Amino acid sequence: MKFATVGTGWITEAFIEAARLSEQYELTGVYSRNEEKAKQFANQYNASHYFTDLEEMAKNEDIEAVYIASPNSLHFEQALIFLKNKKHVICEKPIFSNTAELEKAYQTADEHGVYLFEAIRNIHTPNFKILKEKLHMAGELRSAILPYMKYSSRYDQFLEGQEPNIFSSVYSGGALVDLGVYPLYLAVCLFGEPKKVSYHPVVLRSGVDGSGTLILDYEGFVCTILCSKIVDSIIPCEIHGEKGTFVLEDAAPISEMKFHDTRTKESEILSVDQEEQNMVYECMNIANIIETNNHEEYEQLREWSKIVLRITDEARKQNHIVFKAD
């Protein structure tokens, strides 16, 4: 599948490498607002086209799909341009700023007969699939703690008085939508949509959350998600059931996972070795859905994206965290 990219940061480079490893993609074009940077990026990755105009890029017949990794608030308008030109869109998480944008974008994708995906790497990995398959081993679930807390180097810039995209309400930033989506996706894909959501953030001077605790209420248990871009954490993720506990080294990419039996006190390693460039799994799965027209799996991914965005919308609303896109 011939694809192009929007964005020239490290995440775009990682996706290009993952796409290459999957052997199911061919990089055809790249976009940057800066012509010199676009040309340099195209040469670096042997892309045949480079663009500084999104409309021109969208009309190029050599491109079948586009990967978007621009600042969060730009995803929606950029995605619409490509969807209206019948290009499949793979949009880096968080897919959009709010559910209104999501509904409009999916409607546009349907009207033009193309697919729209949120790029969220952890739920496509072999170890996540093992976890989902083995979840019953824990018995009746009673609680879960899913942290994802990584100190951002750009927080230093914020402390110096600047306002990087990820800490800006103008660009739809914040800890929950940027990092919290990883454990949130785990919760939604494993447990479904919660009955109740409660978010307790540390709100920065820019109006977005630098850190926060998200409580998801389910029937019979509570899932606690910890997210931050202003502190680090080294504690693992845990899912607690009456028969045992799953321990995950990290919410993404779930490289190590074990099950601890409550009664025998024995632990069993469940994880398997995965590709170091773990984005390869989302690349492969997305390509397969498009190539086989697997509408059932597409609808499942689509529903998960909707639930996750509904939760982050509600969490922001509770705390008067307003994006410019709202």
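For every helix of n ≥ 4 consecutive DSSP H residues, a contribution of -39,500 (n - 2.57) applies; sum these over the chain, divide by its total residues, and give [θ] at 222 nm rounded to the nearest 500 deg cm²/dmol. Present the calculation step by step, with values, prior to reporting the outcome.
Numbers: 10 runs with 115 residues, N = 326.
-11000 deg cm²/dmol, from helical runs alone.
Please state the shape class of the stretch 44-191: rounded when a/c is under 1.5, otherwise prolate if a/b exceeds b/c and oblate if not, all from the C-alpha gyration tensor. Walk me through the numbers before you get to the answer.
Working: a/c = 2.05, a/b = 1.32, b/c = 1.56.
The shape class here is oblate.
Looking at the square roots a ≥ b ≥ c of the eigenvalues of the Cα gyration tensor of the stretch 92-168, which shape do they give, rounded for a/c under 1.5, prolate if a/b is larger than b/c, or oblate? Walk me through the numbers on the way to the answer.
Working: a/c = 2.54, a/b = 1.12, b/c = 2.26.
It comes out oblate by the Cα gyration axes.
Using the crude model of +1 on Lys and Arg Cβ and -1 on Asp and Glu Cβ, and no other charge, please compute the dipole size for the stretch 240-326 relative to its Cα centre, in debye to 20.
Values: 10 positive and 19 negative charges, 121 e Å.
I would put it at about 580 debye.
From the protein chains alone at 1.4 Å, what is the descending order of accessible area for Ile290, Ile90, Ile145, Ile269, largest first?
Sorted by accessible area, descending: Ile269, Ile145, Ile290, Ile90.
Nearest 5 percent is fine: what portion of the DSSP beta bridges confined to the chain is antiparallel?
Details: 32 of 59 bridges.
Antiparallel: roughly 55 percent of the beta bridges in the chain.
Can you tell me the order of 206-216, 55-65 when each peptide is scored by its average per-residue count of other Cβ atoms within 10 angstrom, highest first? Can you show the working numbers first?
Working: 206-216: 22.0, 55-65: 15.8.
So the peptides 206-216, 55-65, ranked by packing, come out 206-216, 55-65.
Note the full-extension length gain between Glu35 and Lys104 as 0.36 nm times their separation in residues minus their Cα-Cα distance, in nm to one decimal. Walk me through the numbers before you get to the answer.
Values: separation 69, 0.36 × 69 = 24.84 nm, distance 3.08 nm.
This chain segment gains 21.8 nm when fully extended.
Sorted by accessible area with a 1.4 angstrom probe, largest first, how do Arg205, Arg33, Arg154, Arg121 fall? All intermediate terms of the calculation are to be shown ahead of the outcome.
On the way: Arg205 150, Arg33 210, Arg154 95, Arg121 45 Å².
My answer, sorted largest first, is Arg33, Arg205, Arg154, Arg121.
Among Met279, Ser255, Ile307, pick out the residue whose Cα is farthest towards the positive end of the charge dipole of the stretch 193-326, where Lys and Arg carry +1 and Asp and Glu carry -1 on C-beta, about the Cα centre.
Of Met279, Ser255, Ile307, it is Ile307.
What dipole magnitude, in Debye to the nearest 20, does the stretch 94-210 give about its Cα centre under +1 on Lys/Arg Cβ and -1 on Asp/Glu Cβ? The partial results should precede the final answer.
Values: 11 positive and 13 negative charges, 105 e Å.
Value, rounded to 20: 500 debye.
Would you please give the FRET efficiency between Asn60 and Arg263, computed as 1/(1 + (r/R0)^6) with r the Cβ-Cβ distance and R0 = 56 Å, to the nearest 0.05?
Values: r = 61 Å, r/R0 = 1.09.
According to the calculation, E is roughly 0.40.
Less than 12 Å from a label point 7 Å out along the Cα-to-Cβ axis of Ile11: which backbone N atoms in the stretch 108-152 qualify, by residue?
Those under the cut-off are 118-121.
About the Cα centre of the chain, how large is the charge dipole given +1 on each Lys and Arg Cβ and -1 on each Asp and Glu Cβ? Please answer in debye to the nearest 20. All intermediate terms of the calculation are to be shown ahead of the outcome.
Details: 32 positive and 50 negative charges, 144 e Å.
Result for the chain is approximately 680 debye, rounded to the nearest 20.
Which value in Å does the Kirkwood hydrodynamic radius of the chain take, with 1/r averaged over all unlike C-alpha pairs and then inverted? Don't skip to the end; give the middle numbers.
On the way: mean 1/r = 0.0490 Å⁻¹.
It is 20.4 Å.
Rounded to the nearest percent, how much of the accessible area of the stretch 176-246 (1.4 Å probe, protein heavy atoms only) is carbon and sulfur? List each step's numbers first, then the result.
Values: 1360 of 2520 Å².
Here it works out to 54 percent.
Considering the dipole of the stretch 1-80 built from charges on the beta carbon (Lys and Arg +1, Asp and Glu -1) around the Cα centre, which of Asn60, Val30, Phe15 is farthest to its positive end?
Final value for the positive-end residue is Phe15.
Rounded, prolate or oblate: pick one for the stretch 200-306, where a ≥ b ≥ c are the square roots of the eigenvalues of its C-alpha gyration tensor, a/c under 1.5 means rounded, and failing that, prolate if a/b is larger than b/c, else oblate.
Details: a/c = 1.60, a/b = 1.08, b/c = 1.48.
Because a/c hits 1.5 or more and a/b fails to exceed b/c, the stretch 200-306 counts as oblate.
Using the Cα centre of the chain as origin and beta-carbon charges of +1 (Lys, Arg) and -1 (Asp, Glu), tell me which of Ile239, Ser97, Gly220 is placed farthest towards the positive end of the dipole.
The Cα lying farthest towards the positive end belongs to Gly220.
Order the following by accessible area, largest value first: His88, His320, His295. Probe radius 1.4 Å; ligands, DNA and RNA are ignored. Could the numbers behind the result be given before it?
Working: His88 30, His320 155, His295 90 Å².
Heavy-atom accessible area, descending, gives His320, His295, His88.
Label points 7 Å out from Cα along the Cβ direction at Asn293 and Glu140: separation in nm?
4.7
With r as the distance between the Cβ atoms of Glu77 and Arg310 and R0 = 22 Å, compute the FRET efficiency 1/(1 + (r/R0)^6) and round to 0.05.
Rounded to the nearest 0.05, the efficiency is 0.55.
The values are calculated or read from the model by the stated rules, or taken from the named source; none is laboratory data. Not measured: the values here are computed from a predicted model. Cβ: placed from backbone, ideal geometry, glycine included. Neighbour counts: every protein chain shown. The area values use the complete protein model at the heavy-atom level, side chains included, leaving out ligands, DNA and RNA. Shrake-Rupley method; radii C 1.70, N 1.55, O 1.52, S 1.80 Å.
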